Each structure stands twice: as structure tokens, then as C-alpha cells.
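*Asks:* Input: one structure, supplied below.
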Amino acid sequence: MAVSKADVLKCLDAVKSPQGVPLPQTGALSEIVASDGKVFFSMTVDAATVQAWEPVRKAAEAAVKALPGVVSAMVALTGERAAGASRPAAPPPGGHPPAQRPGQRAVPQGTPVPGIPGVGAIIAVASGKGGVGKSTTAINLALGLHDLGLKVGVLDADIYGPSVPKLLGIKGKPETLGGTRLKPMEGYGLKVMSIGFLIEEETPMIWRGPMVMSALTQMLREVEWGTLDVMVVDMPPGTGDAQLTMAQQVPLRGAVIVSTPQDLALIDARRGIAMFKRVNVPVLGVIENMSYFQCPQCGTRTDIFGHGGARHEAERLGVPFLGEVPLHIDIREKSDSGRPVVATDPDGPHAKIYREIAGRVRDGLAGGRAAPKIVIEA
């Protein structure tokens, strides 16, 4: 029996706000996502009233879980400061960090972060801004690592713009195992999980930070990943909650930064590198994507976005430069059709580039401190 949004709203009528108002009438509810027995939504309230609303959140989650057909439910509580409310002063240099956001779990400094059972190394593929080809790079990097003999998984952490299902041509919904855990989807030898498998393609993800963090945690820890040498995480662009959540919730072994050569992209790439260094995540290197265009008819090379900017920036910041990927119609067409170039044209020049980059990433993992044992099968 499939649960619908109407079913969820009806059951939430019995849940009352601290003022005694039925929850659907409070204006606090976000868009409700209900798919294959999984229900997600958040409640946004004034930050000053978060403690009073926490019992309401728990009651709402319990009510939804009790509905026939519901396999799992996730309800996040977001505190939002009212317009015009004063903000606490920023701490002085060397002072105490600001208090965490409502719903954000603090991790004491120096506390070991538990890993994902069976997963050797987790790496983030990130960019300071969108539109630089990060997701295409992440998928082809994962396939390159797979070609090197590693067991590889991919987590699509770009909650607002999940593109991994399309890039890999995977359709359908993940199976539920034992009523509590999800079985990852598979494509081209990769184990894959994405919020895109759980919602309709055109559903907008109007979620605030705590909801995003809860979804990421569930996709990391409530999925039967099995035994993996490497998990590649396709991060959303920017330096916000998703990146901080990954750094706090899992022991990231490193980050790969994707940038195009021009100055505007490099400015944001610098921010990404600085953010990972600040949370003590090693930067495995920088990839210059869309590095140059080579005409398929005449062979003339054109540096549309400039050339060599990412290499220069990596050298300046003292991080490895992993390689250049050209702007080429084959990469774009194969990505759009769910046939990534490394898997479907393994002997082509572009697959070779991605495999070389994957080899450098593998070597960077093996050369790091306390590196997990990565077994390359013959």
C-alpha cells in the first residue's frame, strides 16, 4: 500500500503545535516527499522556539512511521531567526566558534569520526561553483578507479541537483532490505545511491540545512554498501552544510577539486580548497575540466576558457595537479545519454585521461597517513 502526501497530512492533523494548532495549519511544514514508503519533510520555526517544537517533531515522526505502508520517515526541525532579529556578534580571532545550528550535531574537536562499515576510503569530489562539470568528472573518476581494479561506490550528495542517475542511465527505485535499509542501485560496476532515486525527477528539493544533513546521513549509514575500496561522493557546489556534514559525519580521506581554467571559477576553487583544509580534510588534487577545445573536424586547438589556470593555482597552493580534461562533444553526448565515456569508450583518448587521473588519486590515497588497504585485483 503506497502512502501519499494526503495520507501524511491527514495523520499530521492529530499532531498539535505548542499552541495547540494542528500541524498542517501552522505554516511550518515544508514540501512533503513520499515515495516508495519513505517520507521526508521538515518543519521551520522561529529559532527561539526550537526547544518547544522538538516534542512536536518527534510526535510527527512517530505518527508518520505508524502509517500503513511507511518504511521510514525523516522529519527535520529548522530554526530560523525572525526578520530584523539581532544576530550574535562574530567571535574574535582565536575565540570560540559560533553555536551550531538547530538540529546540527556538534562533534567535539579531536573526537574520532566513525567510518562506514566495509568502506575503505571516502573521497569528496567538489567544486566552488556549479557548471564546471563536477558530476561528470566524479562519475568518470569513479569508473577510472573501477578500471584499476577497485570496488567503488558513488554517493550523489548533490541533494538540490542530483544528476548521477542520468549520468549512469539508471532508472527505478532502490529495494528495501529488512524494512530499514536500502540496497544501492548498480551501474557499470558501481554501487550507487542518490536522492534522485527516491523522488520524481521534476520534484524541487526545497529543503533547508538540517533536512539536507539528515538525508545525507541516511544515505551514508542506512544503505547496504557492502565491501568497497573507495566511495566517491559527488558533492553539491559551494562550501556549505553538505561539505561540513561530510567532514563531521564521516572520515573523509581526501577531496578532489574540479575547476575550469578561467579566473572566475578559480576564485571559487580556492574557497573550496581553503574550506577542506580548515576542516582538516586533505586535498588530493585539482582537476582542470574543459581545459581546452580541439575541433573534431580540423584538429585546431582553442583555449576557450584560457588554459593552465588550475595547474598554476594548484602549484601556488601546494596541492597536487591531477590532470586536464578537454571540452569535447563526445564526453557531453555520452554523459547526457547515460553512457559515460570511461565505460562505453574505454580505448578512447578521454577514457585514458580519466584513468590517469584515477591512478593519481589512488596513489594519493595510498600515500596518505593511515591509508586503508586498497587491494587491486588481478
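The values are calculated or read from the model by the stated rules, or taken from the named source; none is laboratory data. Keep in mind that this is a model prediction, so the values were computed, not measured. Cβ placement follows ideal geometry from the backbone for every residue including glycine, while neighbour counts extend to all protein chains displayed. Calculation scope for accessible area: heavy atoms of the full protein, side chains included, ligands and nucleic acids excluded. Shrake-Rupley method; radii C 1.70, N 1.55, O 1.52, S 1.80 Å.
*Asks:* Kirkwood Rh over Cα pairs of region 124-174 into Stokes-Einstein at 37 °C, 0.692 mPa s: D in µm²/s?
*Replies:* The Stokes-Einstein estimate is 274 µm²/s.
*Asks:* In terms of the Cα gyration tensor, with a ≥ b ≥ c the square roots of its eigenvalues, is region 289-338 rounded because a/c is under 1.5, prolate because a/b exceeds b/c, or oblate?
*Replies:* Since a/c reaches 1.5 but b/c is at least a/b, the shape of region 289-338 is classed as oblate.
*Asks:* Take each of the peptides 162-169, 48-55, average the number of other beta-carbon atoms within 10 Å over its residues, and list them starting from the highest.
*Replies:* Result, highest mean first: 162-169, 48-55.
*Asks:* I'd like to compare 60-73, 292-305: which one has the highest average count of other Cβ atoms within 10 Å, and what's the full order after that?
*Replies:* The densest-packed peptide leads the list: 60-73, 292-305.
*Asks:* Setting aside same-chain residues fewer than 8 positions from residue 171, which lysines have a Cα under 25 Å from its Cα?
*Replies:* 5, 38, 134, 151, 183, 191, 334
*Asks:* I'd like the carbon and sulfur percentage of the solvent accessible area for region 286-367, probe radius 1.4 Å, heavy atoms only, ligands and nucleic acids excluded.
*Replies:* 50
*Asks:* Moving on. Taking region 268-378 on its own, what percent of its Cα-Cα pair distances exceed 25 Å?
*Replies:* 33
*Asks:* Would you mind working out the accessible area per residue for region 250-311, using a 1.4 Å probe, and quoting it in Å²?
*Replies:* Roughly 45 Å² per residue, with all protein chains present.
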